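The values are calculated or read from the model by the stated rules, or taken from the named source; none is laboratory data. Keep in mind that what you see is a predicted model, and the values were worked out from it rather than measured. Glycine gets a Cβ as well: all are built from the backbone with ideal geometry, and neighbour counts include every protein chain shown.
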Amino acid sequence: MVRGARPESDESGERKDQLFELPPELAIDTDVARRVMVGFIRNQLRQAGFGRALLGLSGGIDSALVAYLVAEAIGPESMLCLLLPYRTSSRESVEHARLVVDNLACASDIVDISQIVDGYFGRDRELGAGGAAVREAPPLRRGNFMARARMSVLYDVSVVWGGLVVGTGNKTESLIGYSTLFGDSACAFNPIGDLYKSQVRQVAAAIGVPEEIIRKAPSADLWPGQTDEVEAGFTYPELDRLLFWMIDKRRTDDELLSMGFAPAAIARVKNMVAVSEFKRQVPPVAKLGPRTTGVDYLYPRRRPGSARP
């Protein structure tokens, strides 16, 4: 187990608070995982003909870990971190994002997306571009719009920076559909997409992400006080264990029940995975010709003749 995964004892024999909970079956070799992800980042940039990268830094553990991995892969001087708060975003989120930037000594910028979002939904008594129809939009709808606004900014800045946008979503979020299409799920490549949230915490602790970021309750910061686990109704260790045995180990419902998982939890998670499958697939194309892009016209990302000037 990594440091802090289990309670440790100090010299007096008293137990210290654990840094995070890590189910035993989800423990991985962090050195190996780190080498794989760092090599992946280098290879993806090389194949696409880029030497720089950028990402949105939310102040949460996922984007913090990606920032540390990218900095290790290509150097902090080749990475740009964008802070993209909304007017109701937690002050702590911005502070933690700045902490990562300061620790890595990388380039950064802050773009407040409030005018973009309020320009569509409106604010107070003023209507936005969406008119009266969107004035009473629920928080989730606004949150999805914010995620897409952030990605719009990232891709626009990527042109000026001359780098690829790196994804920051983890495997848990992807499997249950806890992501926004063309929002936080959009990216050129994703180094942590095969890490469950519990494993993100493990690697983050090993690589040196600040403890205050690892300890805090995960949140997409979509509205004041919002947290992932309260919204989903699961703790990440519980959810990760179920997903691991359900997806990675392909256990049947009966086998999951015999392992102690609740019938309602099994049914709910299976449904979440099933109904979000469309989010994990590239858009299908109606095949009409002899060679269809994405179907039978397939090339590596860096094919002969595609070298960038």
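Output yes when any residue across region 81-98 is of a type in the set (Asp, Glu) and within 28 Å of Lys279 (Cα to Cα), and no when none is. No, that holds for no residue. Note on region 19-59: residues that are surrounded by 22 or more Cβ atoms within 10 Å (Cβ to Cβ), out of contact with any Gly (no Cβ under 6 Å at 6 or more places or on another chain) and of a type in the set (Gly, Ala, Ser) amount to 3.
Determine, yes or no, whether Arg123 is within 23 Å of Ser179 (Cβ to Cβ), basic (Lys, Arg) and surrounded by fewer than 18 Cβ atoms within 10 Å (Cβ to Cβ). Walk me through it before giving the result.
Details: within 23 Å of Ser179 (Cβ to Cβ): no; basic (Lys, Arg): yes; surrounded by fewer than 18 Cβ atoms within 10 Å (Cβ to Cβ): yes.
So Arg123 fails the test.
So which residues in region 87-111 are in contact with a strand residue (DSSP E or B) (Cβ under 9 Å, 6 or more places away or on another chain), surrounded by fewer than 20 Cβ atoms within 10 Å (Cβ to Cβ) and part of a loop (DSSP other than H, G, I, E, B), if there are any at all? Arg87, Val111 - these are the residues of region 87-111 that are in contact with a strand residue (DSSP E or B) (Cβ under 9 Å, 6 or more places away or on another chain), surrounded by fewer than 20 Cβ atoms within 10 Å (Cβ to Cβ) and part of a loop (DSSP other than H, G, I, E, B). Could you go through region 141-157 and let me know if any residue there is over 28 Å from Glu77 (Cβ atoms) and surrounded by fewer than 16 Cβ atoms within 10 Å (Cβ to Cβ). Yes, region 141-157 has at least one match.
Is it fair to say Thr168 is touching a helix residue (DSSP H, G or I) at 6+ places or on another chain (Cβ under 7 Å), modelled with pLDDT of 95 or more and either within 28 Å of Gly122 (Cα to Cα) or surrounded by fewer than 21 Cβ atoms within 10 Å (Cβ to Cβ) (or both)? Judged against the criteria, Thr168 is not a match. Restricting Ala206, Ala220, Ala274, Ala264 to those that are among the aliphatic types (A, V, I, L, M) and either modelled with pLDDT under 95 or under 30 Å from Thr88 (Cα atoms) (or both) reduces the list to Ala220. Specify the residue that is farthest from Glu238 (Cα to Cα); the eligible residues are those in region 167-211 that are touching an Asp or Glu at 6+ places or on another chain (Cβ under 7 Å) and among the β-branched types (Val, Ile, Thr). Going through the qualifying residues, I end up with Thr168.
Filtering Tyr68, Tyr86 for residues that are among the hydroxyl-bearing types (Ser, Thr, Tyr), closer than 24 Å to Asp156 by Cβ and either within 18 Å of the chain's Cα centre (by Cα) or modelled with pLDDT of 95 or more (or both) leaves a single hit, Tyr86. Looking only at region 18-30, how many residues end up being more than 16 Å from Val209 (Cβ to Cβ) and in a helix (DSSP H, G or I)? Selection size over region 18-30: 3.
Please pick out the residue among Ser78, Ser63 that is under 18 Å from the mean Cα position of the chain (by Cα) and of a type in the set (S, T, N, Q).
Details: Ser78 fails: under 18 Å from the mean Cα position of the chain (by Cα).
Criteria check complete, one pass: Ser63.
In the set Leu19, Leu26, only one residue is in contact with a helix residue (DSSP H, G or I) (Cβ under 9 Å, 6 or more places away or on another chain), at pLDDT below 95 and over 30 Å from Val157 (Cα atoms); that residue is Leu19.
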